[in-house]
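Before any comments, here is the structure.
The values are calculated or read from the model by the stated rules, or taken from the named source; none is laboratory data. Since we're looking at a predicted model, the values are computed, not measured. In this analysis, Cβ positions are derived from the backbone assuming ideal geometry, glycine residues included, and neighbour counts consider all displayed protein chains. Heavy atoms of the whole protein, side chains included, go into the accessibility calculation; ligands, DNA and RNA do not. Shrake-Rupley method; radii C 1.70, N 1.55, O 1.52, S 1.80 Å.
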Amino acid sequence: ADCSFGLSGFEFLGFFSIDDPPRPGVAEAVEEAKAAGIKVVMVTGDHPGTARSVAHRLNILGSKEDLEEGQDLAVIEGTQLEAMMPENGDFSEGLSYEVRSFWNRAVVETRVFARVTPLHKQIIVKAFQALGHGGIGDIVAMTGDGVNDAPAMKQAEVGIAMGIRGTEVAKDAADIILLDDDFSSALVGIEKGRLASENLQKSIMYTLCSKVAQVAPAFGELFGVPEALASQHILLIDIGTDIWTAVAYAMQPAESSLMERKPRHPRLEQMANKKVFFYSYGYMGVLQTIFCWAMYYLVTPGIHGFIGRHHKLKDMSLHTPEDMVIHEQSMTVYYWTLVLGQVAAAISTTTKVQRISGAGGYGLPNRLLNVTVVMEIVFSLFVMYSPFFQDLFHFATLPWYSLLVPIVTLVAIFGIEEFRKHRGWML
């Protein structure tokens, strides 16, 4: 046998092997990451056979990807990378067709890079950043614990170092340090990040909902409709009520399906995107506007006669004191209906796909939001019925039916949203 030491005089007793098993829970965490739309890739200096075996045990390599060596790009060795390194370590330009084709396949198919050097690791990260996601570029998080991981961690959008066994160089290069060295802790961080992004988007959606109903009266005046909502009423809604409810979304717990959705790619989908605008302007805003005008015409005492006289007089200063009271009541009705519409929006927007009521419903877990919604109603009633604020904002006392009937707005909008979520219709 070709050996560096003699084998004569030995008696074979058996083999002794050392197994360094993956930490408990890592395989499950990898499955959770995949379900969340996260691509998990192993980059290691170990032998390809060892790397393939560990990757299979961790569910990084699945049955479709667990082919024989050389038949696919699921596992790539450092020797293969050496022949495909881009000039100047840059993927922006000057790549040959062969090199670009190799890396275009690698960022899609490869799940294990074995026998790699620190430079290889950095190039791998650059490849995913430049060529991933169909050429748009992936958002890369790189975990590591050694000095050889530092360049790649520094290159990635998020570098994650191990806090227990990680070197000081790795920790200095990282953006995040896992104090327990547990991969699943990174997933917890991802969930928290998604929740923060989701809640901010929901806050924006809620804030924009009232804008259509706020601007609609201005267009109504162009067609001879008396002023239904004055500028001070808009400020009263935006500053007096909406702003506090919007802030309360920061405390919103996650929906049950949060980590089952694909992540939002910041280069493809902005925080305030067309879906947000359609929900706020084209859907919720339209519903609020319809109910505001319906209540304006249906429950304002004497509104039809007042509108007829307004068409003849044209000038509000020529109206009788009785007409001025009707006008103030009509603005009060429109304002009150819009407030109730925003209450419905505040409750409905707490979830995008999960129902709030019924079995398995999301419920109302955000106490701060619940308090702000109640305070929004109390504050609006106080402003509407306080003599000082009535004079200041040109409100007028409403009869009981003009106060109660607009509650239909809250119930109807909430019911429409619950039906949409129950049917699974996405906006």
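Points worth noting:
- Across the stretch 108-120, rounded Karplus estimates of 3J(HN,Hα) from the backbone phi angles (6.51 cos²θ - 1.76 cosθ + 1.60, θ = phi - 60°) give 9, 9, 6, 10, 9, 10, 10, 6, 9, 9, x, 5, 4 Hz, Gly and Pro being marked x.
- Inter-part distance, the stretch 313-350 to the stretch 404-423, computed on C-alpha centroids, equals 21 Å.
- Each 20 Å bin from zero up to the one holding the largest Cα-Cα distance in the chain carries the following percent of pairs: 21, 36, 25, 14, 3, 1, 0.
- Each Cα pair under 8 Å and six or more residues apart adds its separation to the average, and for the chain the resulting relative contact order is 13 percent.
- The chain: most fluctuating residue of TYR97, TYR362, TYR249 per GNM, C-alpha cutoff 10 Å: TYR97
- Part-to-part distance (alpha-carbon centres) for the stretch 134-155 and the stretch 171-231, which is given in Å: 29
- Whether the stretch 115-199 is rounded, prolate or oblate, judged on the alpha carbon gyration tensor where a/c under 1.5 counts as rounded: oblate
- Relative contact order of the stretch 277-427, taken over Cα pairs closer than 8 Å and 6 or more residues apart, is 32 percent.
- Cα-based shape type of the stretch 11-108, given that a ≥ b ≥ c are square roots of the gyration tensor eigenvalues and the cut on a/c is 1.5: oblate
- Entries in LYS126/LYS352; LYS171/LYS262; LYS154/LYS352; LYS211/LYS312; LYS211/LYS421; LYS171/LYS202 that, when Cα-Cα distance is taken, lie over 25 Å: LYS126/LYS352; LYS171/LYS262; LYS154/LYS352; LYS211/LYS312; LYS171/LYS202
- Highest-first packing order for the peptide set 415-424, 182-191, 289-298 is 289-298, 182-191, 415-424, based on the mean count of other beta carbon atoms within 10 Å.
- Relative contact order for the stretch 259-363: 25 percent, from Cα pairs under 8 Å spaced at least 6 residues apart, divided by residue count.
- Accessible surface ranking for PHE16, PHE128, PHE278, PHE388, 1.4 angstrom probe, highest first: PHE16, PHE388, PHE278, PHE128.
- Of all accessible heavy-atom area on the chain, the percent that carbon and sulfur account for (1.4 Å): 62
- Residues in the stretch 196-205 carry Karplus couplings, in order, of 4, 5, 4, 5, 5, 5, 5, 4, 5, 4 Hz; the curve used is 6.51 cos²θ - 1.76 cosθ + 1.60 with θ = phi - 60°, and Gly or Pro positions show x.
- Since only PHE278, PHE16, SER330 are under comparison, the one whose Cα sits farthest along the positive direction of the charge dipole of the chain, derived from C-beta charges on Lys, Arg, Asp and Glu, is SER330.
- Per residue, the accessible area of the chain comes to 52 Å², computed with a 1.4 Å probe over protein heavy atoms only.
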